[in-house]
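Reading through the structure tokens given below for one structure.
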Amino acid sequence: MTVIAVYSAKGGVGKTTIATNLAWCSSQRHAQRTLLWDLDLSDGVGFMFRIEERRKRQARSLFAGDVDAHELIRPTGYVGLDVLPADNSMRELDFMLSRLGQRNRLANIGRKLSRNYERLILDCPPVLNELSAQIVRAATVIIVPLPPSPLSARGFDFVVEEIRRHTRKPPPILPLLSMIDHRRTLHREVLAANPSWPAIPLAGAVEQCAVRGRPVGAFAPRSSAAVAFASLWAGIEHKLSQLAARSH
Ligand SMILES: Nc1ncnc2c1ncn2[C@@H]1O[C@H](COP(=O)(O)OP(=O)(O)OP(=O)(O)O)[C@@H](O)[C@H]1O
Ligand SMILES: [Mg+2]
């Protein structure tokens, strides 16, 4: 099972934008059968791919074991890219997971899904709770988007500490500077202070994704943002192949 979690305890840092664009790169540029699982009830992924909400809200039932994931999975219109959407039923998901007392519920569902998909990408809610703990235990790698600021490195250390609290063997945790504006001195300073961190530019084309209902690679493949997402995904694939080689 290969699970890529896009996670931060902070809201509005670009998680959904990054998860959807990476899922597109994985499926369209690397031909990996990819499932994008939206774990945030605001359903940003569903909106991005213009997936109509079902009248029956069932996302929570998946965790309760009352419904099979494959009944909920929806196509996106892109070959090899499907979505497991969120819905309002997830409102009490954290409470339910705590009560169930099964620490690896999410990982076990992910394992079942991996029979049909090579890559499972998680769009995570900005929370620190039982759900985020389960995400951490299910992940093969965790991508942590960080808005560029002098506090980025501290913010990253905080997330790493949190992740380590939930698992004895934490997966690789990859910082990612989201929304870098090269015209701003402060942003350039953050880049210079963290030269090994990948970065996604602040770009009108990225904002347009939600407006057009398409990932940036689909409508502006030569834009700096599309190139940055493609190179980020190539780096993640490289990391995954290193991890796979190590585990053999
Ligand atoms: N690289 C970028 N350039 C320009 N705008 C961006 C970029 N990345 C994200 N945004 C914009 O920032 C806003 C927040 O992004 P997004 O919804 O992906 O964050 P999030 O971390 O998923 O938020 P939440 O915690 O609420 O789920 C959106 O309006 C999105 O279009
Ligand atoms: Mg989001």
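No lab work stands behind these numbers, since they all come straight from the coordinates. Being a predicted model, the structure only gives us computed values, none of them experimental. Cβ atoms come from the backbone with ideal geometry, glycine included; neighbour counts cover every protein chain shown.
Worth pointing out:
- Among residues of region 119-132 that are in a helix (DSSP H, G or I), those with a Cβ under 9 angstrom from a residue that is within 12 Å of ligand 1 (Cβ to nearest atom) and among the aromatic types (Phe, Trp, Tyr), sequence gap 6+ or separate chain, pair up as 132/7.
- In summary, residue 57 fulfils each of the numbered conditions (1) among the basic types (Lys, Arg); (2) touching a Ser or Thr at 6+ places or on another chain (Cβ under 6 Å); (3) under 23 Å from residue 207 (Cα atoms) with the single exception of condition (3).
- Pairs with Cβ under 7 Å, 6+ apart, first in region 203-231 and without any contact (Cβ under 8 Å) to a residue 24 or more places away in the chain and among the basic types (Lys, Arg), second away from ligand 2 (no atom under 16 Å from the Cβ) and part of a helix (DSSP H, G or I): 212/219
- Per this entry, residue 183 is not counted among residues that are among the charged types (D, E, K, R) and within 19 Å of the chain's Cα centre (by Cα).
- Complete set of residues in region 16-75 that are over 28 Å from residue 231 (Cβ atoms), charged (D, E, K, R), part of a loop (DSSP other than H, G, I, E, B) and out of contact with any Pro (no Cβ under 9 Å at 6 or more places or on another chain): 52, 55, 56, 57, 66, 68
- Residues in region 46-91 that are more than 19 Å from the chain's Cα centre (by Cα) and among the small types (Gly, Ala, Ser): 61, 64, 65, 77, 89.
- Which numbered condition residue 18 fails, given (1) over 17 Å from residue 146 (Cα atoms); (2) within 13 Å of ligand 1 (Cβ to nearest atom): (1)
- Filtered residue count, region 1-52, keeping only those that are within 16 Å of ligand 2 (Cβ to nearest atom), farther than 21 Å from residue 91 by Cβ and of a type in the set (S, T, N, Q): 3
- Number of the exception - residue 136 against (1) within 16 Å of ligand 1 (Cβ to nearest atom); (2) within 30 Å of residue 99 (Cβ to Cβ); (3) buried (at least 16 other Cβ atoms within 10 Å of the Cβ); (4) not basic (Lys, Arg): (1)
- When region 119-177 is limited to residues that are out of contact with any Gly (no Cβ under 7 Å at 6 or more places or on another chain) and among the small types (Gly, Ala, Ser), the one that is farthest from ligand 2 (Cβ to nearest atom) turns out to be 153.
- Of all residues in region 205-242, exactly one satisfies the criterion of being surrounded by fewer than 20 Cβ atoms within 10 Å (Cβ to Cβ), of a type in the set (Val, Ile, Thr) and over 19 Å from residue 76 (Cα atoms), namely 227.
- Residue in region 171-178 that is in contact with a helix residue (DSSP H, G or I) (Cβ under 6 Å, 6 or more places away or on another chain) and buried (at least 16 other Cβ atoms within 10 Å of the Cβ) present: yes
- Against the test of being in contact (Cβ under 8 Å) with a residue 12 or more places away in the chain and not in a loop (DSSP other than H, G, I, E, B), the options 99, 111, 154, 103 yield a single qualifying residue, 111.
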